[in-house]
Amino acid sequence: MSDIAIKVEGISKKYILGHKHSSTISERFQSMFSRNNAEKEEFWALKDISLEVKKGEAVGIVGKNGAGKSTLLKVLSRITHPTHGRFELNGRVSSLLEVGTGFHPELTGRDNIFLNGTILGMSRNEIRSKFDEIVEFSGVSKFLDTPVKHYSSGMYVRLAFSVAAHLEPEILIIDEVLAVGDAEFQKKCLGKMDEVAKQGRTVLFVSHNMAAVGLLCQKGIMLNKGEVHLVGEIDDIVKEYSVFQSSVNFNNYINQEVLELSKVDGFALKHVKIDNLSNPDSLISSGDDVRFSFFYQADKKFLSPAFALIFRDQMGVEVFRLSTKPISGYEIDLFNGLGCVSLEIRKLPLVKGSYFVDFGFVRERMEWIIKSELLIQLEVQGKDVYGSGLILDRSRGFIWVDHNWEHSNESL
Amino acid sequence: MRTVVESDKKGINLGLNELIVYKDLFLILAYRDFKVRYAQTYLGFFWAFIQPAMTLLIFTLVFGKAAKVDTGEIPYPVFAVVGMSAWAYFSYVMSQSGTSIIGAQNMIKKIYFPRLVIPMSKVLVGLIDFVIVLVFLVVMMMIYEVPFSGKIVFLPAFLVMNVISALGVGLWLSALTVRYRDFQHIIPFAVQFGLYATPIAYPSSLVIKSLPEWLVTLYYLNPMAGVVEGYRWSILGIGELNIYSFISFFMVFLFFVSSLIYFRKVEQVMADIV
């Protein structure tokens, strides 16, 4: 019994969709008297999950967006309560769903180390004893007594990460969000996690990044639609996941939370659809024709607004930007009601990798009234676009270009 | 260390012993608020003093001089400042803890800790201003040469009641605001309304004398009515604790206990709906 670190028995988690919860009293009243339960949509993010993790194991949790990975982490880190089931954690737990939780911009670096460390579960004495190490690791010792609002974003992240890196839990629960940021930070983060895993601690790691999962973990758990799909050795899980992933559902690329927020007075983005026109049933690869359709609802007239899309790579670098107006000069007017604006990209010029797409709704005079960052996460598969046997990735540039070479012996 | 979470467990566990584990967090959150409160202000601490001083000035002019409220042998400014000290603390803690959960939503969605720590830490933050007001009170009593009553030994009981009434109302508001943002709008209103619906600027005998009995009972459902009377009774030795006062004391405990239970209930879904 004592070698079990995490024991989960039949955990389920239900969410009520829509805004029925944090609504105003008057809405609550209306729903109390209307017996129309159909408008309350239930969503089971986790369905009867059971699993066991032994002490000292590093377990990767994989699955598509919406498979329930993050919900499982939130339940196990006790941020949210399960609807059914029970679980047991044997040991001191730290969960890292982001770095710098609770950082206050007005406080100095020194104060924030104490604040953040305490929030993460360290005692003041523990922080005091590790204080010098934390400061040295972060490399911001010169600015220790400066409010962090004056820090650069790099300094901020470094300080936040070095606090997190000095946690000494027996069970560590980490979300992949930690693995975004600049490349150096990612490397540091993965290195630290590897170190933690090798010290015989129990690690639960959620990620899309199969390379990282494969490197850090010995075991894997694959979730699908809120259920445990497969448990096994990490290599088998990673293999299975890649096969599984090729049965696609592009809706998984849309960040529903961002979509929900993509609205302003009189305009709401309702749904985004991505179609692979070249190979409708497979994942999007370099060189495919791809259509993005944006379904909206307008409650008033918008004269010549613009839709804009910014394609970014994983580091947030803008790769290219497309818009109806002014870039393409395509004019649209929106009227009351539903509609759809679609964009077709012929021969997608992106090379293999993950990309993010920001959506923007721009009124006349170039005023962004909606800027939905990271609305779409686009996974582009590698493909031998030139037919040369070479699959293009980031090592050969951001994009590929449809082109021809010609060689002639005729002299000028 | 072993943690067990069960969804179907019956009964409510207030989990107050867990708060002890998180006492450092409680202290540091209070420290944060305290530091941030006067960050980049020119007058700093002085603000904690200006606000009650100005209110006292207005009260003295309006109620003391213009309306000539009868406060017996106690000079009006001393009479009013005692009530104000209790009320200032109450209103500060109530409004700060009432909005605290919404204010900490980013934290709540990212990490676990007993959520009670957040509104509770405001109790400590408020104490700093409270001490400043108490110093002000003592100075006023010295200026007007009003002696302390022997009943001052009972003051700690009323201080405790002041704390838990503020916390009780604050916890209710913070938990309710998670679900219904309407309560955000109620807080400033409650502060203003309460200032007049509590015997701060006038003696409670005025209320008992001039209002019908049912309305007096209603008046004493205000948990602060009894606390303010208790302050005056123990510090100045005026007034008496009657049956109405005890209704008010009972309300303090009712608010406090019920707020803990309700807060615990909402806590389970807090991260999902905040």
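Taking amide H as placed 1.01 Å from N in the peptide plane, the amide H of residue A:80 sits under 5 Å from that of A:75, each at least 5 places away or on another chain. The amide H of residue A:271, built 1.01 Å from its N in the peptide plane, has A:295 as neighbours under 5 Å, considering only residues 5 or more places off or on other chains. A simple rule links phi to the HN-Hα coupling: the Karplus curve 6.51 cos²θ - 1.76 cosθ + 1.60 with θ = phi - 60°, which for the stretch A:276-292 gives 8, 6, 6, 10, x, 9, 10, 5, 6, 10, 3, x, 6, 7, 10, 10, 10 Hz, with x for Gly and Pro.
Considering only A:269, B:201, A:234, the residue lying farthest towards the positive end of the dipole of the protein assembly as shown is B:201, judged by Cα position with unit charges set on Cβ. Each residue of the stretch A:309-320 was assigned a 3J(HN,Hα) from its phi angle through the Karplus expression (A = 6.51, B = -1.76, C = 1.60, θ = phi - 60°), giving 10, 10, 8, 10, 8, 4, 8, x, 6, 5, 8, 7 Hz with x at Gly and Pro. Residues whose amide H comes within less than 5 Å of that of residue A:227, counting only those at least five positions distant or on another chain, are A:47 (H built at 1.01 Å from N in the peptide plane).
Using the membrane-span-like helix rule (whole DSSP H runs, Cα extent along the own axis of at least 27 Å, mean Kyte-Doolittle hydropathy at least 0.5), which helices of chain B qualify?
Qualifying helices, which must be both long enough and hydrophobic enough, are B:76-98, B:117-143, B:155-179, B:243-267.
Distance between the modelled labels on residue A:3 and residue A:227, one decimal in nanometres: 3.1 nm (7 Å Cα→Cβ projection). For the stretch A:322-334, the Karplus equation 6.51 cos²θ - 1.76 cosθ + 1.60, evaluated at θ = phi - 60°, returns couplings of 10, 8, 4, 9, x, 4, 8, x, 7, 9, 10, 10, 9 Hz by residue, with Gly and Pro reported as x. Our helix-only sum for chain A, with -39,500 (n - 2.57) per DSSP H run of n ≥ 4 divided by its residues, gives a mean residue ellipticity at 222 nm of -7000 deg cm²/dmol. Entry note, the stretch B:151-237: relative contact order of 52 percent, from Cα contacts under 8 Å with a spacing of 6+ residues.
Every number in this text was worked out from the coordinates using simple rules, so none of it is lab data. These figures come from a predicted structure and were not determined experimentally. Heads up, the Cβs are rebuilt from the backbone with ideal geometry, glycines too, and the neighbour counts pull from every protein chain shown.
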